[in-house]
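Enquirer: Input: one structure, supplied below.
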Amino acid sequence: MKDRTDLPRVAVFSLGGTIASTNQPGSAGGVTPQLGAAELTAAVPQLEDIAQLETVAFRQTASGDLTFEDLVALAAEITARLSSGYAGVVVTQGTDSIEETSFALDLLVESDRPVVITGAMRNPTLAGPDGPANVLAAVRVAAAPHADALGCVVVLNDQIHAARFVRKTNTSSPSTFQSTVVGPLGWVTEGRPHIAFRMRDHAHFTALAGIRFPAVALLKMSLGDDGRLLGPVESLGYRGLVVEAFGGGHVRAALAPTLGDLAAKMPVVLSSRTGSGSVLQETYGFPGSERDLLERGLIPAGFLDGPKARVLMSLILASGGDINDVRDGFDSMGQTTR
Ligand code: DAS
């Protein structure tokens, strides 16, 4: 019999979501999160040969209800494991907010060993649930000796995605997660994780325990919108704003002065609603163009989309940063791909 104490240690934290969602037999209502990490891993007997597992039922919720405070608490638990010899950590959660939670954990946890987030698109009551295969692939990545210097990655559908790029692109497909700019960092075939390339590291935010996060608004530009939601942003108590602008980083000309006024009072970050590519900085010169907005004090988001830009700004502000720190933070994040 195999001596399991030789296997790498991996902690699995469950947070709820589709992967954990089921219903009582015969019940007419929809599925709800009910299973914890112990049940999710017990359903995958192959895990026994890969790692010594610790299972932690950390939250039981739909992922849109997770908060930055939840993630700071989770990051502390993860950091404690990774600094005491665990090979890696797996987090199971709802897929709806993985693009944000993965990026937040990437910024909150500083370790050479991986934090691997997974979930499922088909819940356990459906034919062909993808949860067990995703948990298996995630633990394989977390336990792999060569899965170092990856930061936080998202593993679903046998693909390994970098937190800073991954997006949920489809409401129901198991291949919903895509890294639109660069493609996945790697993949899992016949149980072996393959890492094709690594990201440059970035700054981390490791001292946020007990901090109440400031409110940061995210507004998407759309055709003909008169921008009336911009006016009350400050009086509603927001400490920062992310704008998801048209195309390369454009808004209606009429909105540019309001955004400039706001940028004099709080950090306003300019991202693109297109879902892929870096926001422009020096191409167009019309009123409301990216050049106009940057001259008015907006901060370019680089390759970060609106939700990820909001995560970065929230962490900088929660750390006590000001508008200059937000500018520096986005600038140095951009340098991770230069
Ligand atoms: N959309 C569901 C999921 O994929 C619900 C959630 O995100 O919690 O898990």
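Enquirer: Is it fair to say T283 is surrounded by fewer than 17 Cβ atoms within 10 Å (Cβ to Cβ) and either outside any loop (DSSP other than H, G, I, E, B) or in contact with a Leu (Cβ under 8 Å, 6 or more places away or on another chain) (or both)?
Expert: Numbers: surrounded by fewer than 17 Cβ atoms within 10 Å (Cβ to Cβ): yes; either outside any loop (DSSP other than H, G, I, E, B) or in contact with a Leu (Cβ under 8 Å, 6 or more places away or on another chain) (or both): no.
Spelling it out, it is not the case that T283 is surrounded by fewer than 17 Cβ atoms within 10 Å (Cβ to Cβ) and either outside any loop (DSSP other than H, G, I, E, B) or in contact with a Leu (Cβ under 8 Å, 6 or more places away or on another chain) (or both).
Enquirer: Taking segment 39-54 only, how many residues are crowded, with 17+ Cβ neighbours inside 10 Å and assigned to a strand (DSSP E or B)?
Expert: So the count comes out to 2.
Enquirer: Output the number of the condition that L40 fails; it satisfies all remaining conditions of (1) under 20 Å from G88 (Cα atoms); (2) more than 15 Å from the ligand (Cβ to nearest atom); (3) not polar (S, T, N, Q).
Expert: Here L40 clears every test but (2).
Enquirer: Considering only residues that are within 16 Å of S222 (Cβ to Cβ), over 24 Å from the mean Cα position of the chain (by Cα) and free of Cβ contacts under 8 Å to residues at least 40 places away in the same chain, which ones fall in segment 240-257?
Expert: Passing the criteria: R252, A253, A254, L255.
Enquirer: Could I ask something else about it? Working carefully through the options K168, K220, find the one that is under 30 Å from G231 (Cα atoms), charged (D, E, K, R) and at pLDDT 95 or above.
Expert: K220
Enquirer: Working carefully through the options Q52, Q24, Q60, find the one that is within 16 Å of the ligand (Cβ to nearest atom) and of a type in the set (S, T, N, Q).
Expert: The unique qualifying residue is Q60.
Enquirer: Would you pick out the residues in segment 273-294 that are touching a helix residue (DSSP H, G or I) at 6+ places or on another chain (Cβ under 8 Å) and of a type outside the set (A, V, I, L, M)?
Expert: R273, S278, Q281, E282, T283, Y284, G285, F286, P287, G288, D292
Enquirer: If we only count helices (runs of 4 or more DSSP H) wholly inside segment 67-171, which ones have 3 or more residues that are within 14 Å of the ligand (Cβ to nearest atom) and touching a residue at least 12 places away in the same chain (Cβ under 8 Å)?
Expert: Values: elements: 68-82, 98-108, 131-143.
Once the helices (runs of 4 or more DSSP H) in segment 67-171 are filtered for at least 3 residues that are within 14 Å of the ligand (Cβ to nearest atom) and touching a residue at least 12 places away in the same chain (Cβ under 8 Å), what remains is 98-108, 131-143.
Enquirer: So V181 clears everything in (1) at pLDDT 95 or above; (2) assigned to a loop (DSSP other than H, G, I, E, B) except one condition, right? Which one?
Expert: The single condition V181 does not satisfy is (1).
Enquirer: Which residues, taken from segment 264-280, are assigned to a loop (DSSP other than H, G, I, E, B) and hydrophobic (A, V, I, L, M, F, W, C)?
Expert: Keep residues of segment 264-280 that are assigned to a loop (DSSP other than H, G, I, E, B), which gives 264-267, 273-280.
The answer is A264, M266, V279, L280.
Enquirer: Just to be sure before I move on: is T118 surrounded by fewer than 19 Cβ atoms within 10 Å (Cβ to Cβ), at pLDDT 95 or above and within 22 Å of the chain's Cα centre (by Cα) in the structure I sent? Reasoning before the result, please.
Expert: Working: surrounded by fewer than 19 Cβ atoms within 10 Å (Cβ to Cβ): no; at pLDDT 95 or above: yes; within 22 Å of the chain's Cα centre (by Cα): yes.
It is false that T118 is surrounded by fewer than 19 Cβ atoms within 10 Å (Cβ to Cβ), at pLDDT 95 or above and within 22 Å of the chain's Cα centre (by Cα).
Enquirer: Another question, then. Residues in segment 236-247: is at least one surrounded by 15 or more Cβ atoms within 10 Å (Cβ to Cβ) and modelled with pLDDT under 95?
Expert: For segment 236-247, residues surrounded by 15 or more Cβ atoms within 10 Å (Cβ to Cβ) and modelled with pLDDT under 95: absent.
Enquirer: Name every residue in segment 284-332 that is aliphatic (A, V, I, L, M) and out of contact with any Phe, Trp or Tyr (no Cβ under 9 Å at 6 or more places or on another chain), in order of residue number. Reasoning before the result, please.
Expert: Start the filter on segment 284-332 by keeping residues that are aliphatic (A, V, I, L, M), which leaves 293-294, 298-299, 301, 304, 309, 311-313, 315-318, 323, 326.
Passing the criteria: L293, L294, L298, I323, V326.
The values are calculated or read from the model by the stated rules, or taken from the named source; none is laboratory data. What you are looking at is a predicted structure, and each value in this text was computed from that prediction instead of being measured. Ideal geometry is used to build each Cβ from the backbone, glycine not excepted, and the neighbour counts take in all protein chains shown.
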